[in-house]
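The block underneath contains the structure these notes are about, expressed in structure tokens.
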Amino acid sequence: MNLSERQAKIADLVRENGFLSVDALSGRFDVSTQTIRRDLNILCNFGLARRRHGGIEPTSDSGNLTYGSRQILARSAKQTIAREVAKHIPDGASLAFSIGTTPQLAAEALMHHDNLKIFTNNLNIAMLCCANPSFEVNIAGGRLRNSDRDILGPGLEPFLSSYMVDVGIYGVAGVSERGTLLDFYEEEVRARELIRANSRQTFLVLDHTKFKRVAHVRGGLISEASKVFCDAPPPQGILDILDGSDTELVICDGEGS
């Protein structure tokens, strides 16, 4: 999915702020209203927002967005997180990756490392990591979910339970105000829990919008991760939870963390 920088910024703005008018966007980006309307049509065609009289508003959060849509939203923040995660991974480490756009960008940020051992149930991450000839890539076998290109089903548990890796890297659909991790599917939660249980350290990677996101399947707590990487400080309630735990919070602002 290819969007211009302006269109990607509009997608993030509407996701975070709700309804935005054509006139307000025209003034913010200093372009004509006709240009903004074309941008909005493109975003709606990709399912990133929906039209409302005079502007645009977010789509319903009752279900998960497509993988392609999630690759666009908050992409700059996710890339900043990924670059910081790469600084915490030494050459020669063994890593388990969950599905998700932020874990995938973290894998991309590691492509200049040497001799990493990769374990994942996601084809996007596996194929990306194969481009580095020094990496050893291991992938689960089983049923492939077409939308996210991840492998789920009975083969996942014995695969992830067969190894003890140095670092498990996983994302999440949302975080409740009590620090509970939320997702849309039970199998995604199970995969994340297996990675957490079979990693010496665990890195939870998430952008700040996940603290506003609603999903219905519970699984794990934010305070169970060794490190939490985020592009901005979480809400105060989450900060209090992390302050009372052994979890290290890493704020990734692109200018040092």
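Please pick out the residue among 220, 168 that is assigned by TED's automatic domain parsing to the domain that holds residue 86, farther than 25 Å from residue 111 by Cα and assigned to a strand (DSSP E or B).
On the way: 168 fails: farther than 25 Å from residue 111 by Cα.
None of the other options fit; the residue is 220.
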Check: Taking the range 224-244 as the region of interest, how many residues are surrounded by fewer than 16 Cβ atoms within 10 Å (Cβ to Cβ) and small (Gly, Ala, Ser)?
Finding: 3
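Within the bounds of the range 131-144, is there any residue that is among the polar types (S, T, N, Q) and over 24 Å from residue 225 (Cα atoms)? Spell out the reasoning first.
Going residue by residue through the range 131-144, those that are among the polar types (S, T, N, Q) are 132, 134, 138.
Next cut, over 24 Å from residue 225 (Cα atoms) only: 132, 134.
Scanning the range 131-144, I find at least one residue that is among the polar types (S, T, N, Q) and over 24 Å from residue 225 (Cα atoms), so the answer is yes.
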Next item on the list: For residue 193, state whether it is out of contact with any strand residue (DSSP E or B) (no Cβ under 8 Å at 6 or more places or on another chain) and either at pLDDT 90 or above or more than 27 Å from residue 241 (Cα to Cα) (or both).
Entry: no
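Can you tell me how many residues within the range 179-191 are in a loop (DSSP other than H, G, I, E, B) and either of a type in the set (A, V, I, L, M, F, W, C) or farther than 20 Å from residue 227 by Cβ (or both)? Steps first, please.
Pass one, the range 179-191, residues in a loop (DSSP other than H, G, I, E, B): 179, 184-185.
This time we only want the ones that are either of a type in the set (A, V, I, L, M, F, W, C) or farther than 20 Å from residue 227 by Cβ (or both), so: 184-185.
Matching residues across the range 179-191 total 2.
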Notebook entry, point to check: Would you say residue 167 is of a type in the set (A, V, I, L, M) and in contact with a His (Cβ under 9 Å, 6 or more places away or on another chain)?
Noted result: yes
Notebook entry, point to check: Which residues, taken from the range 1-22, are under 12 Å from residue 55 (Cα atoms), touching a residue at least 40 places away in the same chain (Cβ under 8 Å) and exposed (fewer than 15 other Cβ atoms within 10 Å of the Cβ)?
Noted result: 18
Checklist line | Extreme residue, farthest from residue 205 (Cα to Cα), among residues of the range 157-186 that are touching a Gly at 6+ places or on another chain (Cβ under 6 Å) and surrounded by 17 or more Cβ atoms within 10 Å (Cβ to Cβ) | finding: 182
Notebook entry, point to check: Which fully enclosed helices (runs of 4 or more DSSP H) of the range 1-113 have 1 or more residues being at pLDDT below 85 and closer than 25 Å to residue 184 by Cα?
Noted result: 5-17, 33-45, 67-72, 75-87
Notebook entry, point to check: Limited to the range 192-217, what total is found for residues that are aliphatic (A, V, I, L, M), surrounded by 22 or more Cβ atoms within 10 Å (Cβ to Cβ) and either under 15 Å from the mean Cα position of the chain (by Cα) or part of a strand (DSSP E or B) (or both)?
Noted result: 4
Check: Which of the residues that make up the range 142-154 are among the small types (Gly, Ala, Ser) and exposed (fewer than 13 other Cβ atoms within 10 Å of the Cβ)?
Finding: 147
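The values are calculated or read from the model by the stated rules, or taken from the named source; none is laboratory data. On a predicted model such as this, the values are computed, not experimentally measured, just so you know. As a convention, Cβ positions derive from the backbone with ideal geometry for all residues, glycine included, and neighbour counts pool all protein chains shown.
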